[in-house]
Every structure is written in structure tokens, then in C-alpha cells.
1. I need every pair where a residue in the range 139-157 that is assigned to a helix (DSSP H, G or I) has its Cβ under 6 Å from the Cβ of a residue that is open to solvent by 10 Å² or more (accessible area, probe 1.4 Å) and among the aromatic types (Phe, Trp, Tyr), sequence separation at least 6 or different chains.
2. Looking at the range 414-428, which of its residues are part of a strand (DSSP E or B) and either open to solvent by 10 Å² or more (accessible area, probe 1.4 Å) or of a type in the set (A, V, I, L, M, F, W, C) (or both)?
3. Please specify each residue of the range 347-362 satisfying the condition of being surrounded by fewer than 20 Cβ atoms within 10 Å (Cβ to Cβ) and assigned to a loop (DSSP other than H, G, I, E, B).
4. Condition check: of a type in the set (A, V, I, L, M), within 26 Å of residue 237 (Cβ to Cβ), touching a Phe, Trp or Tyr at 6+ places or on another chain (Cβ under 9 Å) and modelled with pLDDT of 85 or more. Does residue 362 satisfy that?
5. Can residue 322 be described as within 24 Å of residue 147 (Cβ to Cβ) and surrounded by fewer than 16 Cβ atoms within 10 Å (Cβ to Cβ)?
6. Is there a residue being surrounded by fewer than 21 Cβ atoms within 10 Å (Cβ to Cβ), among the basic types (Lys, Arg) and in a strand (DSSP E or B) anywhere in the range 460-473?
7. For the range 117-130, does any single residue satisfy the condition of being assigned to a helix (DSSP H, G or I) and either of a type in the set (A, V, I, L, M) or under 18 Å from residue 415 (Cα atoms) (or both)?
8. Select from the range 97-118 the residues that are open to solvent by 20 Å² or more (accessible area, probe 1.4 Å) and without any contact (Cβ under 8 Å) to a residue 24 or more places away in the chain and list them in ascending order.
Amino acid sequence: MSLPASISTSPARPMGSLERFMKAIADGGAPLNREHWIISLAFHVAFEPSVTAPELHLQRAWQATRLQYPALAAVLRSGPLGEPELTIEPDNEEAAAWTSNTFTTHDNSKDADELFSELRPTAHATCHWIPSAAQLMIRSSHWRIDGVGMLMLGHSFMTALANVLHFGLDAPLSSYAITKSTQSPLGSHVETVARSLAQRPQTEGRAQGQRHAIPTQVAAVADDIIAKYTGGFPSIALPTREGSETTLPGATSRVAMGFDVPTTSKVVTGCRMMGVTVTSAVHAAIVRVAADFPQHPLAKSYAAFGPADLRRVIYEQDMDADVGPMGLFHLGLPICIEDVVSSSSGGAVKSFRTVARELQAVYGQDLVNFWDPADGSGAMVSLLDLVEANPRRTQELFAALLPPGLPPMQSPDLSSLGKIERYIQSEYGVGTGAGQGKVEVLDVWLGLDVLTRALQFHVWSWKGELRIAACFNRSFYEGAFVTDVIGKVREELLAGTSVYIA
């Protein structure tokens, strides 16, 4: 898809390798006016009774968030050599003009779930308010921001909102006491940060020989990672709608399920006794539920990529690194759980405990000393070292045609958001005054537009309650089927962690 040319006076920067990879994936849906992996962050909020015009306060908070993170207003344009660049259009430098293009009130929408299924792609990040449900949604293309970044952005927005409520609508944007961003105006791409860290001296306390690897090692490790992932091909999968093999992707919907606080506490205890995280346990439940469905005769293993937050790796090496909400700071961990389906009778044959522990071995890896290239050098490759080579290898893999006789790639994926309270507070506010400086967050969720034949699961906890959700394309799955699958995942998780509900 061609891009408009950049305006020479506008600030601009080239896209990084990971951003280009995500953009290429997104562009696959362009002919259908859809986009794969658009991120949506939804809030259910409660204002003080004295707030009579929440929409105006939300608009002002949206403007203040853009002031803090100019990259929020970035769009893609064609650079001098035809390569895509992030740039900020002159019109978007004005708060009012930008808001009119990116903030929408939906008086006729039921709730954020309904709106999530109705919205189409836009060139800009957008903010949506549903008055009847007191729900708010922030949306952006995935090439602009990742999941953790979206949660960080949501926190900044809610902080700005509380400050707007406290100081009033007529105060200057700069007076809303927003913490100044340390990110570059157009955000940073992770490759720049990775190169900067690679050039730093070895930090004290690290074992000798654990320096960043040379490029030839990195390329070899990227090949090893792809080989580990493809070692599980063809992966087990969940069955799609009958006759949907040639159906074009349609709208995305989501189904969610929650555990109460006592049940969540029991699940956490059960995971701790097994020596696994809740993420590993939930993922194991998903794998075993999928394995119990009929599979292609060649599908015996489970293969997927599990997203890892590179901010942890970066901050471990430099607490002052140019990292914030805007940009992509994640990379996929290769997952291959072999022989989860019986070759004779079908169905899951590996126990929940075994699958959970194999997944824990993946999720528990040291992301700094991530991979030993086994070349005798003793140099360990950090996951951060792979941010250029790995997307290229993965894009080549996805672009390649599957050998004849293999089923399409449609294994269910999982992304863990952890404890949402690490990013989002249950209440925002400053001072007491007339009581207008506070806003309560009643609920929060994050979802992705999905154009593939795979279910995208998310797991997180909020106010002590475990939540599991699945986003799915309605061309390939019925809502009732996905609801049934999540119910089975719940049962598998409770049984696997020895939680029994009367």
C-alpha cells in the first residue's frame, strides 16, 4: 500500500525493523479495510457526581496525553527514498485540530465490546467515549505501540484526566502536572536502544564471556529460534467454522471470563506449589483443551510465539534508557511443546503438570543471557540482540508457502498482561477541593483485532481477580464456540491446579 509523501518541515524518523514487520502484517488486511493486531484498551470509569461534562474532560486529557507523548500523533508517510517514516503532520501539532480527527463520542453504542467489533482501521491513534456505558477506548495500530506500552499510555491518560478534573478545563495543557516524558518526540525504535546498549562496557557483576554477541552469532541464533518454533509444525489447533477455508476475514469479537478473588487465590497457590506461574498454567490449560479437539493427522505438537517485554531487559542494563509507552519493545519467545496429542487415539496425552512445566521453562528464561550459540565463544546472546534478525526471519517464514498437505497455521496464542495494577490504578485523583479531582477505574481490558484463523488469548489479574479473554475473527469462529472453549480452559485450569468448586 503506497503512503503519502512526508512533509519536509515535519519531524520524522524511519521505521525500525520490528515496526516494519508489524506494519507488513497489518497491511495484509488493507484490501478489506481491516488491520491485523490493532490494539484496543478499554476502561469502565466512574466520575464524581459533580462532573457534568465528562466528554470535555476526556478530550482535554487526550490532548494532554498527546502533549506528553507527541508520537501518539504520528502517522506514516513515504520518506525521501520511498521508505515508510513516522512523522507528525502540521495539523496534528494543534491540539484542537488533532482532537477533532481522533476523538469520537458514540451515543448509539452499547458498550466497548460492541464498539470493538465495529471500528475499522484509521491512520491515527484514536480515543472513543461511550456515554451510556461510561466506557472509554483507546486504539492504535500495533506498529505504533505494544501491549505493555498501551497500558503505560492508559495510565498517563488517566493521570491527565484526574488533573483536568482538578484544575479545570480552561487551564493550559502544560499545567496538568503530567510527568515529562523522557522519550524522543517520535518515540524510539528498539533497534536504536539495542545498538546503544551493545556498545556499552560490560557491567560489573556479570560473568565474563556474557558480552553481546557478534552479528554472525545473532543470525545463527535467529535461525535456531525459528527452527525451534517450526519443530512443532504442523501445530495443533482449534477447529474453525465448517467450510470457512476460503472465507475472507470479517469483524473481530471477544469473549471474557473471570475468577472471583477466593478462586484466584487458590489457583495462585496451586501454581506456586507446582513451581509455575499463572501464565504458564493458563497456557497449559489452553494447550490441553486444544489437544482434545480432532486434529490434522500430522499435528502432534504445539508451536507458537510467546511475547516477551524487552523493557525489562533494557532497564536491567540501563535504567535511564529512552524507553516509554510509544514504540515496540517486545519479541516472541519460541514455544514448542512436543507430542501433546496421541498418535493413536487422539486427545491430550501429556499431563497438565508436564505441559505447564515445559511452558515455564520457556517463560522463565533469562532474557539477558538468552541463548548460547554453542560456538565455543562463551558469549551469550540477549533477546534484545535479536530485534533486527528475528523479525526478518519470522517475516520470511510467514511469507513462505506451506508444503502441500499441511494444515494452515491456526494454533491459539496467549499474551500475558500480568497484574494490571502494575500499570493502571483503581483510582486517580489529586487533592480534595470540590471532589472533582478523582475518577475511579471500575474495570479494564485489552484486546486485539484478529484477521487470522487463530484465537488470541489474554490473561491478566485486576483487583485480585484472574481474567481470561479471547479475541477471534467472526468469519472463522462462532461466539458460542469460543465461550465453550474458555469454559473448558477454566475447568482445565482449576483441575490442573487442584482447585475444586462445589
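The values are calculated or read from the model by the stated rules, or taken from the named source; none is laboratory data. Note that the structure is a prediction, hence the values are computed from the model and not measured. Here the Cβ is made from the backbone with ideal geometry for all residues, glycine too, and neighbour counts use every protein chain on show. Only protein heavy atoms, including side chains, enter the accessible area calculation; ligands, DNA and RNA are left aside. Shrake-Rupley method; radii C 1.70, N 1.55, O 1.52, S 1.80 Å.
1. Close Cβ pairs (under 6 Å, with a partner that is open to solvent by 10 Å² or more (accessible area, probe 1.4 Å) and among the aromatic types (Phe, Trp, Tyr)) amount to 151/423; 152/423; 155/423.
2. Our first condition is that a residue be part of a strand (DSSP E or B); within the range 414-428, this holds for 414-419, 427-428.
Once the filter is applied, which keeps residues that are part of a strand (DSSP E or B) and either open to solvent by 10 Å² or more (accessible area, probe 1.4 Å) or of a type in the set (A, V, I, L, M, F, W, C) (or both), the range 414-428 yields 414, 415, 416, 417, 418, 419, 427.
3. 347, 349, 351
4. Numbers: of a type in the set (A, V, I, L, M): yes; within 26 Å of residue 237 (Cβ to Cβ): yes; touching a Phe, Trp or Tyr at 6+ places or on another chain (Cβ under 9 Å): no; modelled with pLDDT of 85 or more: yes.
Spelling it out, it is not the case that residue 362 is of a type in the set (A, V, I, L, M), within 26 Å of residue 237 (Cβ to Cβ), touching a Phe, Trp or Tyr at 6+ places or on another chain (Cβ under 9 Å) and modelled with pLDDT of 85 or more.
5. On the way: within 24 Å of residue 147 (Cβ to Cβ): yes; surrounded by fewer than 16 Cβ atoms within 10 Å (Cβ to Cβ): no.
Here the answer is no, as residue 322 does not meet what is asked.
6. Looking through the range 460-473, at least one residue is surrounded by fewer than 21 Cβ atoms within 10 Å (Cβ to Cβ), among the basic types (Lys, Arg) and in a strand (DSSP E or B).
7. Scanning the range 117-130, I find no residue that is assigned to a helix (DSSP H, G or I) and either of a type in the set (A, V, I, L, M) or under 18 Å from residue 415 (Cα atoms) (or both), so the answer is no.
8. Of everything in the range 97-118, those that are open to solvent by 20 Å² or more (accessible area, probe 1.4 Å) and without any contact (Cβ under 8 Å) to a residue 24 or more places away in the chain turn out to be 97, 100, 101, 108, 110, 114.
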